[in-house]
Amino acid sequence: MQLSRAELQNDLARLRSSRSAPDRAVGDNFEFEERVCDTRRDAFEADGPATNQLLTLLADHFRLRVQGALRSHIPVTFTSINEDAIYRPDIEANQKVVRLECIDDALRKIGRNYTDIEEATRPGRRDNGLITQLLDQWQLYPGARPAFIAFKSEVAADLGAADWLLRLRNRLGLGHYDPAPGQRQRFALMEYLVKDVIAEWRPLETRGAQRPFAFPTVLESQGSPHFFPSPHELASGFTVDFGGPGQASIREMLHIRITYLPDHLMKVGELVGPLDPFQLGAIRDGHLEQLRRDSGRADFGSPMSTEVDE
């Protein structure tokens, strides 16, 4: 992504030369991004004409243009201004997709505990009333934040394992889910069909939502060091797998926000901290090498410095 404002270029250079691994990672993500067209870059930079801090501008852009304040908002992610990152090919309508939702906040708001929802989701004893109460909380969240998803077929083996939640967290690169020692974080596995997404997109098409799916870019990453942009030669984005090399890459995409139904919630689980640490620089370097092999682009990006982090 070629920034045009000199003060933002200077801040990008600061990030990439930082002793902080997360800062360097976010700087590299801006540098390596190839799916943000000039039109969207110009709109992004214009959102904060007085801002010379890249991460501040990124946060404002996500809040205003990507997520928005209202449920009826159309994220810029799916509009013509994001032309190079909109996913145009049709996806088979009956293909299943999955994502994880942290449910701690939703449980707190409906006054229920994890044991309640665990019991409500047991096979043969499902309580769709309670499940609906939980899922209704997502309708109350502000804006229309795009959803990161993976295809179920690519994580099927992980979902069938006893430690499915930890494996899915690692394989999908969800490093922001990192409970402190003794802390518990609870999650719901959501599963639905591509046609469910298409059905919610159709009414939005006349309001400017070009397509229901898009490639994730650094402008949707919320400054996450666990995100990594993919070269434009590849037909998808790919998650940064904390499990390291040796496993098939997992495709990741964005879609418009949908309304969850009880049948979408497959099961729940919890992570208990601390989780095993990972070396951000080494994992990102390994991911970069995989992207280079897959794309045939030996010149894509540059390895992240593995110097001691602050």
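The values are calculated or read from the model by the stated rules, or taken from the named source; none is laboratory data. Please read all numbers here as calculations on a predicted model, not as lab measurements. Here Cβ is always computed from backbone atoms with ideal geometry, including for glycine, and neighbour counts include all displayed protein chains. Note: accessible area is taken over every heavy atom of the protein model, side chains too, but ligands, DNA and RNA are not part of it. Shrake-Rupley method; radii C 1.70, N 1.55, O 1.52, S 1.80 Å.
Take L291 and tell me if it is outside any loop (DSSP other than H, G, I, E, B) and either under 12 Å from the mean Cα position of the chain (by Cα) or modelled with pLDDT of 95 or more (or both). Judged against the criteria, L291 is a match. Filtering region 87-146 to residues that are farther than 25 Å from R71 by Cβ, among the acidic types (D, E), in contact (Cβ under 8 Å) with a residue 40 or more places away in the chain and surrounded by 13 or more Cβ atoms within 10 Å (Cβ to Cβ) leaves only E118. Taking region 12-42 as the range and being within 28 Å of S80 (Cα to Cα) and among the charged types (D, E, K, R) as the test, the residues that pass are D28, E31, E33, E34, R35, D38, R40, R41, D42.
When the residues of region 207-258 are filtered to those that are charged (D, E, K, R) and outside any strand (DSSP E or B), the one that is farthest from E31 (Cα to Cα) is R207. Can you confirm whether region 38-52 contains a residue that is among the β-branched types (V, I, T), open to solvent by 70 Å² or more (accessible area, probe 1.4 Å) and free of Cβ contacts under 8 Å to residues at least 24 places away in the same chain? Scanning region 38-52 turns up no residue that is among the β-branched types (V, I, T), open to solvent by 70 Å² or more (accessible area, probe 1.4 Å) and free of Cβ contacts under 8 Å to residues at least 24 places away in the same chain.
G244 meets all of the listed conditions (1) surrounded by 14 or more Cβ atoms within 10 Å (Cβ to Cβ); (2) over 18 Å from K152 (Cβ atoms); (3) modelled with pLDDT under 95 but one, namely (1). Consider region 53-75 and keep the residues that are in contact (Cβ under 8 Å) with a residue 60 or more places away in the chain and among the aliphatic types (A, V, I, L, M). The one that is nearest to R41 (Cα to Cα) is L58.
Pairs linking a residue in region 166-186 that is more than 17 Å from I149 (Cβ to Cβ) to a residue that is of a type in the set (D, E, K, R) and open to solvent by 30 Å² or more (accessible area, probe 1.4 Å), with Cβ atoms under 7 Å and 6 or more positions apart or on different chains, are R184/E270; Q185/D104; Q185/E270; R186/D104; R186/E270. When S236 is tested against the conditions (1) open to solvent by less than 40 Å² (accessible area, probe 1.4 Å); (2) touching a residue at least 40 places away in the same chain (Cβ under 8 Å); (3) polar (S, T, N, Q), the lone failure is (2). Suppose the filter is touching a strand residue (DSSP E or B) at 6+ places or on another chain (Cβ under 9 Å), among the aliphatic types (A, V, I, L, M) and under 30 Å from H61 (Cα atoms); does L291 pass it? Judged against the criteria, L291 is a match.
Report yes if Q210 is of a type outside the set (D, E) and within 25 Å of I91 (Cβ to Cβ), otherwise no. Answer is yes for this residue.
In the set (1) farther than 30 Å from A93 by Cα; (2) free of Cβ contacts under 8 Å to residues at least 12 places away in the same chain, Q279 fails one condition alone, (2).
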